[in-house]
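The values are calculated or read from the model by the stated rules, or taken from the named source; none is laboratory data. A quick note: this is a predicted structure, and the numbers were derived from the prediction, not measured. Cβ coordinates were reconstructed from backbone atoms using ideal geometry, including for glycine residues, and neighbour counts include every protein chain displayed.
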Amino acid sequence: MKGSITHKILKEHLVKGEWDKGSEIGIRIDQTLTQDATGTMAYLQLEALGIKRVKTELSVSYVDHNTLQNGFENADDHRYLQSVASNYGIWFSRPGNGICHQVHLERFGAPGKTLLGSDSHTPTAGGLGMLGIGAGGLDVAVAMAGAPFYLGLPEVVLVKLEGKLPPWVGAKDIILELLRQLSVKGGVGKIIEYAGSGVKTLSVPERATITNMGAELGATSSLFPSDEVTLEFLKQQGREEVWKPLEADGGAVYDQEITIDLSTLEPLVAAPHSPDAVKTIEQAGSVSVDQVAFGSCTNGSYDDLWLLSEIMKGRVVHPGVSLVVAPGSRQVLLRLTRDGILEKLVSAGARILESACGPCIGMGQAPPSGGVSVRTFNRNFPGRSGTNDAGVYLAGPAVAAVAAVTGRLTDPRELGEYPQQPATRTMIIDDRMLIAPGAENGHEEIIRGPNIKPIPINSTMPEKIEAKVLLVVGDNITTDHIMPGGSKVLPLRSNIEALSEFVFESVDKEFASKARESGKGIIVAGDNYGQGSSREHAALAPMFLGVKAVIAKSFARIHHANLVNFGILPMVFCDLNDYDNFSTGDQLVIDNIEEQLDLKEIVIKNASKGRNYRATHLLSARQVEIVKEGGLLNYTRKEKA
């Protein structure tokens, strides 16, 4: 069979499992990344594994999420992360150096390599032809310890990009069009691969915008070829030695093919409150805008911010709008400064934020009550901005910039001629904010602040579960619903006891107290349960509160894996209509769990309704053993022993 890019990389890294459709495979991981919101827990888990030094080719610890230091917690976490990096042979990217995905693209990514990151947008690296996969922190810790990363052999979807984008239409509009066609669950269990004549017209940062938001499709990863455009990007970074050509074989077979004629696209937005609620500007209407937020790992490149400065040239931000700008990396910020672009933005009334995630994760710059925010970000889930009743529109740089000028959603094509970008100038290469790993181990004390608590360890799965339904939730429940972000909650990521108080806070403010009172419980959910970020805390904190199982119509990939990793049994209704027969407070009984797990069909007795229901699980034999052991940490320790 002719090989796709996906299959070439997977086969080159295959170390466990059979190459059969639907089977689980284990792949070698070349590089890992963590960020500070997930990294503290990942490194606590790495310490628990008892290794002396990471066994990957390269691992990087980034600080980019919890940079708002309105208490000691975040600063303490940063010291912990730096000391762990020094001891375990990990690169450390200091606060202010930039967002992990942008910096990794610039300074570490390499075509044909594998990257596992404790952040769902790790597939950003696919813009370089690198197979980036988001996962929970425990999966990343185990990979750093030298073990394979396991995933179901994915389907591969070919997206053929033909033609060329018209003026004022950008890469963001390509991925929004794909979200319009496929929805937020259309990529689950799949890797999206791009080809066609239109690929050559897209720069690496534009490609990275598309692969970044492949995460919103639920896709395992997204990949572009490695070609002359890739080589030119790496030359600008002074890293051309890592380049290699990589493309699919002629006649490669795919599970699905989609063609997008770039010349037919127009400026799009994702309306509140989902990345797949995609509309044209005309369909969205002339909505009044209160805030425009520019940057993030999706659109924080130099070219994105150059376009903003061109549109703002000679203009001032609309009096009803607050414009905030967060460059994706320190490298981008340095070049903006050198080229005079930062001056233009400040003169136009922009508020310049540090090179970090910031507003994208609700870490500051929340919109006003009931306000409308247009953001060049990747997610617009309810409350994620920090304001529960705000309406967030996702848009490309052109749409966002024009909204900052006009104060309304406006088609940027109304501005007339598209600005002509000058010839590319060299990037400023300055890696002094990257701390290389030390040559020896144990030369520095690992520093733990008072908010860094021991990781909770689950017990082995009981032979019988008797528990109440603590909560029944609907479709597309996100990890933000389960374990919210924002400046109030994120600093508690290394203190699970304190963090657990906020589980499902936006859905049921009494959830944590009910769970503690019950001692154990079960959650019932609809389709695509756990979509969104890779935050394993959305499984770890419920485990701490005694959640033993989740029964759903379907699961998002990363969250399903995280539930398994912490010994929570994920089950799928055999008859999806049975979902309607469960209520909060129902008493459920699951007998002979070990035997039923092996049989794959599980009988759930609803004692409150006096009926039995059937569920199944999607676990591999390895995952069944992990659940029985109470999670991946217990399982890995046992395997090591």
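Quick notes
- Pair list, Cβ < 6 Å and 6+ apart or interchain, from region 526-546 residues that are within 17 Å of Thr460 (Cα to Cα) to residues that are part of a loop (DSSP other than H, G, I, E, B) and aromatic (Phe, Trp, Tyr): Ala539/Phe566; Leu540/Phe566; Met543/Phe566
- Residues satisfying the stated conditions in region 623-636, i.e. farther than 16 Å from Arg557 by Cβ, touching an Asp or Glu at 6+ places or on another chain (Cβ under 8 Å) and in contact (Cβ under 8 Å) with a residue 24 or more places away in the chain: Val624, Lys628
- Test: Asp508 is in contact (Cβ under 8 Å) with a residue 60 or more places away in the chain and of a type outside the set (A, V, I, L, M, F, W, C): no
- Single residue of Val292, Val325, Val229 found to be closer than 28 Å to Thr426 by Cα and assigned to a strand (DSSP E or B): Val325
- Test: residue in region 213-223 that is surrounded by fewer than 20 Cβ atoms within 10 Å (Cβ to Cβ) and in a loop (DSSP other than H, G, I, E, B): no
- Residue identified as part of a strand (DSSP E or B), surrounded by 24 or more Cβ atoms within 10 Å (Cβ to Cβ) and touching a helix residue (DSSP H, G or I) at 6+ places or on another chain (Cβ under 8 Å) among Tyr150, Tyr194: Tyr194
- Leading residue by the ranking (nearest to Lys164 (Cα to Cα)) among those in region 180-219 that are among the charged types (D, E, K, R) and modelled with pLDDT of 95 or more: Lys200
- Residues that are closer than 11 Å to Ile29 by Cβ and surrounded by 24 or more Cβ atoms within 10 Å (Cβ to Cβ) within region 123-147 comprise Leu131, Gly132, Ile133, Ala135, Asp139, Val140, Val142, Ala143, Met144, listed in sequence order.
- Residues satisfying the stated conditions in region 241-268, i.e. outside any loop (DSSP other than H, G, I, E, B) and under 14 Å from Gly129 (Cα atoms): Val242, Leu246
- For region 429-444, filtered to residues that are surrounded by fewer than 16 Cβ atoms within 10 Å (Cβ to Cβ) and modelled with pLDDT of 85 or more, the residue that is farthest from Val103 (Cα to Cα) is Ala436.
- Being under 24 Å from the mean Cα position of the chain (by Cα) and acidic (Asp, Glu) is true of Asp304.
- Which listed residue is of a type outside the set (Asp, Glu) and within 20 Å of the chain's Cα centre (by Cα), from Asn476, Asn577: Asn476
- Region 472-494, subset part of a loop (DSSP other than H, G, I, E, B) and touching a residue at least 60 places away in the same chain (Cβ under 8 Å), residue surrounded by the most Cβ atoms within 10 Å (Cβ to Cβ): Arg493
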